[in-house]
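Here, each number is a calculation from the coordinates, and none is a lab measurement. This structure is a prediction, so every number in the text was calculated from the model and none was measured. FYI the Cβ positions are ideal-geometry reconstructions off the backbone, even for glycines, and counts take in every protein chain you see.
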Amino acid sequence: MKNLDKIIDGKYYADKLLKKVHPLCENFFLKFNRKICLAVILVGEDPASRVYVKNKLLTAEKNNIKSIEIILPTETSEDELHKEIVSLNEDMTVDGILVQLPLPKHISEKNVINSIDPNKDVDGFHPINFGKLYMGNPNFIPCTPLGCLYVIKNELKQITGKHAVIIGRSNIVGKPMASLLLSSNCTVTIAHSKTKNLKEHCIRADILIAAVGCPEMIDDTYVKKDAIVVDVGINRLEPSEENKKSKLVGDVNFTKVINKVKKITPVPGGVGPMTIACLMHNTVKAAYKNEGQNFIDILEGYL
Ligand code: GUN
């Protein structure tokens, strides 16, 4: 197979999903005489978070989803943020609430996530939604792992019995990813920064998910021949002698592993667009459910 054919086009899969989401937004408007509404809260100045939020809001707009953007200064207290969330929880015209992470150090992410109405928790981070996922009865599923699963299942068709290794144990990616792959009958290993002999685990993976946050750490010595590699990392490399401009790279050294893999998601253009498409999907799901409608989940077949 030519190396070009090994690159998984995340934008293609995102468009494929959004083509199904879009008509649901139009139908919602006709049925309830209001647009589906997503509220996004950003606290502080983190430049990467600003870009992520902007992309989320742009995609919402393109799909006829109204968005409310609440930008708060870094000094915002936990109490002030809590009040914003309570007001969005109580607003019947708001369907989904997303608080962009990370939050400034003085605010407890745990308390903030707990205060979001679980029925509006389109990130799937609330303990009720997290618990439901782990019990095998998911409601809202975190967007990045959901997007990864969608891509993996489209690429591999059959994943029962495959060995999946996830590098990273975060609540946003690693843990929910493990639950999804377990439910899909994979044998799952979760590795992390304290794992001994990391390479020995990774080299056994049929499916390798890299969510370490370490630029280009995973090279060909970590990858089994014909594995499928999903790179969740987004790291900005500052300009150097070699590269005059700053550059986005993943956790995987793409150039070194491409000859060895069956398929790989690039950075950018891999997991990123799928994460946003899944957020739109979750928002539409929240809107229909909150209007008391029986929502037939278009991703059901992938779970
Ligand atoms: N920060 C990094 N990824 C995410 C995500 O999926 N949702 C939120 N709210 N914050 C994030």
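Between residue 9 and residue 183, with labels modelled 7 Å along Cα→Cβ, what's the label distance in nm to one decimal, could you check?
2.9 nm
Looking at the chain as a GNM with Cα springs under 10 Å, which of 35, 247, 199 has the largest mean-square fluctuation?
Its mean-square fluctuation being the largest, the pick is 247.
Residues with beta-carbon under 14 Å from that of residue 119, excluding residue 119: net charge, scoring Lys, Arg +1 and Asp, Glu -1? Walk me through the numbers on the way to the answer.
Numbers: positive: 120, 132, 285, 289; negative: 90, 91, 95, 117, 121, 123, 291.
Cβ neighbours under 14 Å give a net charge of -3.
Output the direction-averaged projected area (hull surface divided by four) of the convex hull of the alpha-carbon atoms of the chain, in nm². Walk me through the intermediate numbers first.
Values: hull surface 64.6 nm².
Directional mean of the projected Cα hull area for the chain stands at 16.2 nm².
Treat the range 34-175 as a sphere of radius equal to its Kirkwood radius over Cα pairs and apply Stokes-Einstein at 10 °C in a medium of 1.306 mPa s; give the translational diffusion coefficient in µm²/s, rounded to a whole number.
Details: Rh = 16.4 Å.
Translational D for this selection: 97 µm²/s.
Going by a ≥ b ≥ c, the root eigenvalues of the Cα gyration tensor, does the range 209-303 fall in the rounded group (a/c under 1.5), the prolate group (a/b larger than b/c) or the oblate group?
oblate
Among 19/175; 120/162; 16/66; 62/245; 6/196, which pairs are too far apart, with a Cα-Cα distance over 23 Å?
Beyond 23 Å: 19/175; 120/162; 62/245; 6/196.
Just to be sure I understand the rule: take each whole DSSP H helix in the chain, project its Cα atoms onto its long axis, keep it if the span is 30 Å or more and its mean Kyte-Doolittle hydropathy is at least -1.0. Which ones pass?
Those that clear 30 Å and a mean of -1.0 are 10-32.
Net charge near residue 227, counting Lys/Arg +1 and Asp/Glu -1 over other residues with Cβ under 15 Å of its Cβ?
Charge balance near residue 227 sits at +2.
Lone cysteines in the chain, going by a 4.7 Å Cβ-Cβ cut-off?
25, 37, 148, 186, 202, 214
Among 214, 278, 202, which one moves the most in a GNM of the chain with springs linking Cα atoms closer than 10 Å?
Ranking 214, 278, 202 by mean-square fluctuation puts 214 first.
How much length would be gained if the chain were fully extended between residue 256 and residue 135, taking 0.36 nm per residue of separation minus their Cα-Cα distance, in nm to one decimal?
Length gained, residue 256 through residue 135: 39.7 nm.
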